[in-house]
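Please read the structure below before turning to the comments.
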Amino acid sequence: MMKIMTLILMGAFSAPLLSPKTYSYEIKEIEFLKISAGVEFAVRCGNMNKLEISADSKDDFRVSYKNEKLEITRRGSFLGWLHSPGNVTAELTLQNLPQSMRVSAGSAGGMKNCFKNEESFSLSVSSGSSFLLDGGSGSLDQLEVNVSSGGTVEMRESFHINRMELEATSGSTFEAGTKVVVEEAAVKISSGASAEICGALTVSGRASSGSDVKVSDNTMINGFSTNSGASYSNCRY
């Protein structure tokens, strides 16, 4: 047994470093997109559907595509600490925006050029993941955002949203600057989460349990309440 373990250790430490390879996948329309377990990603909208993944080995990740649902995840370690999967990066081009997207477990990336007069989009970001949404001068009728467990969502560039429902909990962060115009924002912020909605025209909802909410001094407040150490203030820009 000792000889076997010695050979495994020698192989692990003497194996050459692998150069990342690119793996391509054929996909069609997507209604639901899930990215998890430390995958780095970029989602763009264009005139085709295409998925390319960069990784040291095909064993480092898993892709599942079925019934217009696409899941990309980084696999767990093999033989414990002897082999841990390297970086996994996904480049995804879509003809149409998915209806919903979930980012979890330390994944990080963003989406751009996907909001050309779209009807609705649902986004969930959790467990230390981060997501950058570039509105690209687009518009959206309905946006639903759920951020939890240390997740981060940032929205930037010119973007017009008719109605947004935002729920942020457990130390998570949501940031949207003045260029992100939200006609109506209904928010529920709790458990140390923070939210900046600096381009919101009307805000309703509540903040509780040490959470923090910032809006513009021009924002109309419609039945917004705070309790249990929550704070409410104006954006500084």
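The values are calculated or read from the model by the stated rules, or taken from the named source; none is laboratory data. Just so it is clear, the structure is predicted and the values come from calculations on it, not from any experiment. Here the Cβ is made from the backbone with ideal geometry for all residues, glycine too, and neighbour counts use every protein chain on show.
Brief remarks on what is shown
- Residue check for Gly110: touching an Asp or Glu at 6+ places or on another chain (Cβ under 8 Å), assigned by TED's automatic domain parsing to the domain that holds Ile35 and touching a residue at least 60 places away in the same chain (Cβ under 8 Å): no
- Identity of the residue in segment 25-49, closer than 14 Å to Glu91 by Cα and aromatic (Phe, Trp, Tyr), that ends up modelled with the lowest pLDDT: Tyr25
- Of the strands (runs of 3 or more DSSP E) lying entirely inside segment 35-154, those containing at least 3 residues that are under 18 Å from the mean Cα position of the chain (by Cα) are 40-45, 69-74, 89-94, 100-103, 108-112, 118-126, 130-134, 138-148.
- Here Glu52 clears all of (1) under 30 Å from Val181 (Cβ atoms); (2) of a type outside the set (A, V, I, L, M); (3) modelled with pLDDT of 95 or more except the condition numbered (1).
- Note on segment 155-169: residues that are among the basic types (Lys, Arg) and not in a strand (DSSP E or B) amount to 0.
- Considering residues of segment 21-34 that are among the basic types (Lys, Arg) and in a strand (DSSP E or B) only, the residue farthest from Phe115 (Cα to Cα): Lys21
- Conditions (1) over 24 Å from Ser122 (Cβ atoms); (2) assigned to a loop (DSSP other than H, G, I, E, B); (3) at pLDDT 90 or above; number of the one not met by Pro16: (3)
- You will find that of Thr173, Thr152, the residue that is closer than 25 Å to Arg74 by Cβ, among the β-branched types (Val, Ile, Thr), out of contact with any Phe, Trp or Tyr (no Cβ under 9 Å at 6 or more places or on another chain) and in the same structural domain as Gly205 (by TED's automatic domain parsing) is Thr173 and no other.
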